[in-house]
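A short worksheet on the structure shown next.
The values are calculated or read from the model by the stated rules, or taken from the named source; none is laboratory data. Nothing here was measured: the structure is a model prediction, and the numbers come from that model. Heads up, the Cβs are rebuilt from the backbone with ideal geometry, glycines too, and the neighbour counts pull from every protein chain shown. All accessible areas refer to the heavy atoms of the entire protein, side chains included, with ligands and DNA or RNA removed. Shrake-Rupley method; radii C 1.70, N 1.55, O 1.52, S 1.80 Å.
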Amino acid sequence: MADKMKAVVLHKIDDLRIEEVPAPGAPGPDEVKVRTCNVGVCGSDVHYYKRGRIGDFVVKEPMILGHETGGEVIEVGSNVKNLKVGDKVAMEPGIPCWKCTFCKEGRYNLCQDIFFWATPPDHGSLAEYLVHPADFCFKLPEGVGTDEAAMIEPLAVGVHACNVAGVRPGSTVAVTGAGPIGLLAMQVALAYGATTAIATDVSPSRLALAEKLGAKLTINPAKEDVVKRVLAATEGEGVDMVLECSGAAQAISQSPYLVKPGGTIVWIGMTHPPEVEIDQVRLIINEIRTQGTFRYANAYPIAINLVAAGKVNLQPLITARYPFEKAVEAIDMCSTGKAEQIKVMIDF
Ligand SMILES: [Zn+2]
Ligand SMILES: [Zn+2]
């Protein structure tokens, strides 16, 4: 095999190139080598491209973008038993240390020593070949494609959020922000048995998709009073859970007014700047539980099962496709016409 491959490399802000980079060598004993088939473009890829940083993570050296990945196994390490050549896989992008307390407790998303695709300085997956731990490559069941495998990553965020929120049969849930994460989190909540899902977004096309995917009520905060409408839809009580996926300051500040006493708010969308006004007294007197969630842990198998069982529909979220040769164009397009797109998929 050639020792060079093509990859999408971010050099600095606004300087993104497809270029030749060294190809990974043979997989280690517990690793597999994968031919990349699909990578989804994530908001974080666009953010690094346009701003060069997310919080404390700053692009200082050229970095390969991409972390939402589906591929095909082309070589397996000597210890690998769960996969064979030809298997199609969804690839979990974070490799934790497995030694710290968080890892040992199963909360490996909190590992401070994690390697994570396309989080500087770690290279991402927008490259022709990848070598990855076999236990973080999940074999796709019959009927699940490698494009869907790429979307298991954002879906895992939704699974983790619903697990943390404690969504159960009969729950009423408001999802604020109907982008990819919101639409996926909402579908997971419905799959978990939520009876009412309410979606909010400023984009009419996103609200239309939310409705198609099962939202009982959609609200446009640019035109309507979100609090009033949520209360009207829940007999004046509010919802059991708010899944805040927008990262919009207004939606964050409003969340305590959407949730019923004793309810839960889960924060998923990151806001900028990070300080937001919140009615802390209301959180106290209503005993509202608030909880941040970050990425996911042990969520890939659940996410894959939900897709295989037909409980989560991923295809309607793929709103544009680009061949790998046009990956720079694809990411460019996401940075401009973003609101019109849900998920842009790159096909190798
Ligand atoms: Zn992502
Ligand atoms: Zn660790």
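Values as computed for the structure displayed
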| quantity | calculated |
| --- | --- |
| Karplus-derived 3J(HN,Hα), 6.51/-1.76/1.60, for each residue of region 199-212, Hz, glycine and proline x | 10, 10, 6, 7, 9, x, 5, 5, 5, 4, 5, 4, 5, 4 |
| Net +/- balance of residues flanking Met270 in space, Cβ distance below 12 Å, scoring K and R +1, D and E -1 | 0 |
| Nearest-10 value in Å² for the accessible area of Ile252, using the 1.4 Å probe | 20 |
| Approximate spin-label separation Cys100-Asn82, in nm, with each point projected 7 Å along Cα-to-Cβ | 2.2 |
| Accessible surface ranking that places the most exposed of Leu16, Leu110 first, with a 1.4 angstrom probe | Leu110, Leu16 |
| Added length on full extension, which subtracts the Cα-Cα distance from 0.36 nm per residue, Glu20 to Arg168 | 48.5 nm |
| Portion, in percent, of the accessible area of region 1-140 that falls on carbon or sulfur, probe 1.4 Å | 51 |
| Charge context of Ser171, other residues only, Cβ under 14 angstrom, K/R +1, D/E -1 | +2 |
| Gaussian network model of the chain, Cα within-10 Å springs - most flexible of His67, His272, His160 | His272 |
| For the chain, share of DSSP beta bridges that run antiparallel, in % to the nearest 5 | 60 |
| Taking all pairs of distinct alpha-carbon atoms in the chain, Kirkwood radius in angstrom | 20.7 |
| For the chain, calculated [θ]222 nm from helices alone, where every DSSP H run of n ≥ 4 adds -39500 (n - 2.57) | -8000 deg cm²/dmol |
| Nearest 10 degrees, 0 to 90: helix 249-258 Cα axis against the chain principal axis | 50 |
| Long-range HN-HN contacts of Phe115 with modeled amide H, under 5 Å | Ile95 |
| Residue-normalised accessible area of the chain, expressed per residue, 1.4 Å probe, Å² | 44 |
| In degrees, nearest ten, helix 327-336 long axis to first principal axis of the chain (Cα) | 20 |
| Full-extension gain in nm, Lys4 to Gln291, via 0.36 nm per residue minus C-alpha separation | 98.9 nm |
| Region 1-140: relative contact order in percent, alpha carbon pairs under 8 Å with at least 6 residues between | 31 |
| Surface accessible to a 1.4 Å probe, Val41 within the full protein complex, Å² | 10 |
| List Trp267, Trp98, Trp117, ordered by accessible area with a 1.4 Å probe, largest first | Trp98, Trp267, Trp117 |
| Residue-by-residue Karplus 3J(HN,Hα) for region 126-136, coefficients 6.51, -1.76, 1.60, Hz, glycine and proline x | 7, 8, 5, 10, 9, 10, 8, x, 4, 6, 10 |
| Exposure ranking of His132, His123 by accessible area [1.4 Å probe, largest first] | His123, His132 |
| For region 81-88, Karplus couplings with θ = phi - 60° (6.51, -1.76, 1.60), whole Hz, Gly/Pro x | 10, 7, 9, 9, 4, x, 5, 8 |
| Amide H contacts under 5 Å for Glu75, placed H, 5+ residues apart | Lys33 |
| Surface share of carbon and sulfur [accessible, 1.4 angstrom probe, percent] for region 270-348 | 51 |
| Solvent-accessible surface (1.4 angstrom probe) belonging to Ser246, in square angstrom, nearest 10 | 50 |
| Computed over region 307-347: relative contact order in percent, which uses C-alpha pairs under 8 Å that are six or more apart | 50 |
| Built amide H within the under 5 Å cut-off of Thr290, gap 5+ | Ile265 |
| Net charge of Cβ neighbours under 10 Å - reference Val89; Lys, Arg +1; Asp, Glu -1 | -1 |
